[in-house]
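The next block holds one structure in the form of structure tokens; read it before the comments.
The values are calculated or read from the model by the stated rules, or taken from the named source; none is laboratory data. Given the structure is predicted, the values throughout are model-derived calculations rather than measurements. Because the Cβ atoms are built from the backbone with ideal geometry, glycine has one as well, and the counts that use them run over all protein chains shown.
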Amino acid sequence: MPTTTAAPRLTARERLLAAADELFYAEGVHSVGIDRIIEHAGVAKASLYNTFGSKDELVRAYLSARHDRRRDRISAAVAARETPRDRVLAVFDVLEAAVAEPTFRGCAFAKASAEADHAGTVREVTDAQRGWVRGLLTDLAREAGVDTPEALAEQLVLLYDGATTSAQLDGNVHAATAARRIAETLVDAAVSPVEPDAG
């Protein structure tokens, strides 16, 4: 008779983070209270405070986990590409896949920031996430031979943000695809030498 191995039981931390990820992302950081998280996770209230200390630190862990997953997806896609040009565009390939997911509700960092003060935990984690994306695009642009990689990275971040917002607010499932095409044009223009005027 075949034996089946039971899936390992999640720790209280893992269950709290899973509940926070689902509820905060779907409904908002401020509108979801601690009691909802605890009930959804199926843990005792003491587990939350023993593990995270406060709701604020649970929010930090939720956004940090989102950042880690996004970073890992983008890094893997970039590493799988052979040319510097394709590595830049891989960032937009990941965005295309993300907005196509049925659970996509926009950028978790933008949503949390809209509810938060201009300082504090949300701003701190969001700044770190956005700094990573901007730094990555700058490095990739530099590797592609762009003379002003910071300027191209700024354009690409604006394009990335715009596509994410359009996909969320307009329900535009083609926004990321269009953004990738524009990014391709920007990258090609930035790395192609300007031909001297023959006249």
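The condition (being closer than 21 Å to ARG73 by Cβ, among the basic types (Lys, Arg) and in contact with a Phe, Trp or Tyr (Cβ under 8 Å, 6 or more places away or on another chain)) is satisfied by just one residue among ARG130, ARG134: ARG130. Only one of the numbered conditions (1) within 28 Å of GLY33 (Cβ to Cβ); (2) touching a residue at least 40 places away in the same chain (Cβ under 8 Å); (3) among the hydrophobic types (A, V, I, L, M, F, W, C) is not met by LEU136, and that is (1).
Looking at (1) surrounded by 20 or more Cβ atoms within 10 Å (Cβ to Cβ); (2) within 28 Å of ASP21 (Cα to Cα); (3) of a type in the set (A, V, I, L, M), can you tell me which one ALA114 breaks? Unmet condition: (1). Residues that are over 20 Å from ARG66 (Cβ atoms) and assigned to a helix (DSSP H, G or I) within region 18-42 comprise ASP35, ILE38, GLU39, listed in sequence order. Would you mention how many residues in region 84-102 are free of Cβ contacts under 8 Å to residues at least 60 places away in the same chain and of a type outside the set (Gly, Ala, Ser)? Counting residues in region 84-102 that are free of Cβ contacts under 8 Å to residues at least 60 places away in the same chain and of a type outside the set (Gly, Ala, Ser) gives 5.
Only a single item in (1) modelled with pLDDT of 95 or more; (2) in contact with a Ser or Thr (Cβ under 6 Å, 6 or more places away or on another chain) is not met by SER113, and it is number (1).
Exactly one residue among ALA90, ALA79 is farther than 23 Å from LEU17 by Cα, buried (at least 19 other Cβ atoms within 10 Å of the Cβ), in the same structural domain as THR126 (by TED's automatic domain parsing) and at pLDDT 95 or above, and that residue is ALA90. Of all residues in region 141-152, those that are assigned by TED's automatic domain parsing to the domain that holds ARG130 and of a type in the set (Lys, Arg) have Cβ atoms under 7 Å from Cβ atoms of residues that are at pLDDT 95 or above and surrounded by 14 or more Cβ atoms within 10 Å (Cβ to Cβ), 6 or more apart or on another chain, in ARG142/PRO149.
Just give me the residues in region 160-184 being farther than 17 Å from ALA90 by Cβ and either not assigned by TED's automatic domain parsing to the domain that holds ALA141 or not hydrophobic (A, V, I, L, M, F, W, C) (or both), in sequence order. Selection gives ASP161, GLY162, THR165, SER166, GLN168, ASP170, GLY171, ASN172, HIS174. Of all residues being modelled with pLDDT under 90 and among the β-branched types (Val, Ile, Thr) in region 1-50, which is nearest to LYS111 (Cα to Cα)? Just the residue, please. Looking at residues that are modelled with pLDDT under 90 and among the β-branched types (Val, Ile, Thr), I get THR5.
In region 129-146, is there at least one residue being in a helix (DSSP H, G or I) and of a type in the set (Val, Ile, Thr)? Among the residues of region 129-146, at least one is in a helix (DSSP H, G or I) and of a type in the set (Val, Ile, Thr), which makes the answer yes.
Within region 32-72, take every residue that is among the polar types (S, T, N, Q) and within 21 Å of ARG123 (Cβ to Cβ) and give me the one that is surrounded by the fewest Cβ atoms within 10 Å (Cβ to Cβ). So the residue we want is SER54.
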